1. Can you tell which of Q42, Q13 is within 19 Å of L107 (Cβ to Cβ), of a type in the set (S, T, N, Q), in contact (Cβ under 8 Å) with a residue 12 or more places away in the chain and open to solvent by 20 Å² or more (accessible area, probe 1.4 Å)?
2. From the list A72, A68, A95, A64, which one is in contact with a strand residue (DSSP E or B) (Cβ under 7 Å, 6 or more places away or on another chain), at pLDDT 95 or above and among the small types (G, A, S)?
3. Could you check segment 95-125 and list, in sequence order, the residues that are under 30 Å from I73 (Cα atoms), part of a strand (DSSP E or B) and β-branched (V, I, T)?
4. Is it true that R202 is surrounded by fewer than 16 Cβ atoms within 10 Å (Cβ to Cβ), under 17 Å from the mean Cα position of the chain (by Cα) and at negative phi?
5. Is it true that W23 is of a type outside the set (G, A, S), in a helix (DSSP H, G or I) and open to solvent by less than 10 Å² (accessible area, probe 1.4 Å)?
6. Considering each residue of segment 126-175, count those that are assigned to a helix (DSSP H, G or I), open to solvent by 70 Å² or more (accessible area, probe 1.4 Å) and farther than 23 Å from A235 by Cβ, and give that number.
7. Would you please list the contacts, defined by Cβ atoms under 6 Å and residues six or more apart or on different chains, that run from a residue in segment 52-81 that is charged (D, E, K, R) to a residue that is surrounded by fewer than 19 Cβ atoms within 10 Å (Cβ to Cβ)?
8. Could you list all residues from segment 45-87 that are crowded, with 21+ Cβ neighbours inside 10 Å and assigned to a loop (DSSP other than H, G, I, E, B)?
Amino acid sequence: MSGIHCEVHGHGQGRPLVMLHGWAMHSGIWREFARQLAERRQVICLDLPGHGRSAPIANFEMPAIVEALLAAIPLPSFDLLGWSLGATVAIDMAAVCPDRVRCLTLLAGNPRFVREPGWPGVKPEVLDSFAELLGNDAKQTLQRFLGLQVQGLPHAKALLQQLKHSVAECDAPDFAALQGGLRILKLHDARDKLAALKLPIRVIQGDKDTLVPVATAAALRDLQPALQIQVLPGAGHTPFLSHPQALVDILLGDG
């Protein structure tokens with residue numbers, strides 16, 4: 001047993017789609033969205049190590065995360081979707097096992113999460129402040145992070161309540177997993193790996209995303225001219241909550 005929790009939706013019809021959630025979250029956050037996709041796809045949602053119902057690993061670092069997740073997927077090949085931190089992990093999974101990952105979708109994701117000269121991203125101070133606050137008040141830190149996901153959206157309050165309700169289904173990840181995830185978001189750089197991939201890649205972003213700026217799309221195309229980019233107008237960092245039907249149409253090939 002890998003210790004990785006899986007939720008499977010659908011009964012094998014269509015190409016299987018594996019989905020990875022973001023920092024401090026778990027698969028429950030997009031259960032309803034996954035069920036919509038499962039009308040035509042088999043959808044496998046994984047909890048990252050130490051998140052949700054997955055067992056922790058000794059070191060929450062990228063090679064160990066990738067190894068644990070790949071071992072938990074009982075399929076020779078699959079499409080892979082990663083959201084936020086999950087998108088960063090998904091790039092590395094595709095790089096490690098290009099023979100298994102048939103198509104890669106980055107949802108509100110970025111191979112280099114932090115802003116630097118010539119690269120759009122989140123200010124490093126944002127992640128530093130989360131890391132500092134985490135040691136003092138983990139619960140308050142997570143609440144603030146949830147607020148950032150929907151900041152500036154018309155129905156932010158309702159979306160935030162929906163997100164909080166889903167997240168509360170499981171205990172928060174342990175401190176080591178939370179700190180490890182922030183460290184990956186701050187330091188990990190998968191741009192070279194993304195540029196080297198030879199499989200179909202799709203990027204889906206919201207133009208109101210406060211964590212992954214929409215300007216990332218152009219920067220990503222410089223890395224991978226063949227990748228497909230779709231921007232959802234009015235969407236923030238959680239388009240599976242705010243724009244589920246538009247996202248379902250894209251992922252099922254109808255949009």
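The values are calculated or read from the model by the stated rules, or taken from the named source; none is laboratory data. Keep in mind that what you see is a predicted model, and the values were worked out from it rather than measured. For neighbour counting, all protein chains shown are included, and Cβ atoms are generated from backbone atoms with ideal geometry for every residue, glycine included. With ligands, DNA and RNA removed, areas are computed over all heavy atoms of the protein, side chains included. Shrake-Rupley method; radii C 1.70, N 1.55, O 1.52, S 1.80 Å.
1. Just one listed residue meets the conditions, Q42.
2. Values: A68 fails: in contact with a strand residue (DSSP E or B) (Cβ under 7 Å, 6 or more places away or on another chain); A95 fails: in contact with a strand residue (DSSP E or B) (Cβ under 7 Å, 6 or more places away or on another chain); A64 fails: in contact with a strand residue (DSSP E or B) (Cβ under 7 Å, 6 or more places away or on another chain).
The conditions single out A72.
3. Once the filter is applied, which keeps residues that are under 30 Å from I73 (Cα atoms), part of a strand (DSSP E or B) and β-branched (V, I, T), segment 95-125 yields V101, T105, V114.
4. no
5. Working: of a type outside the set (G, A, S): yes; in a helix (DSSP H, G or I): no; open to solvent by less than 10 Å² (accessible area, probe 1.4 Å): yes.
No, not satisfied.
6. The qualifying residues number 5.
7. D79/R15; D79/R102; D79/C103
8. D47, L48, P49, G50, H51, G52, S54, F60, I73, S84
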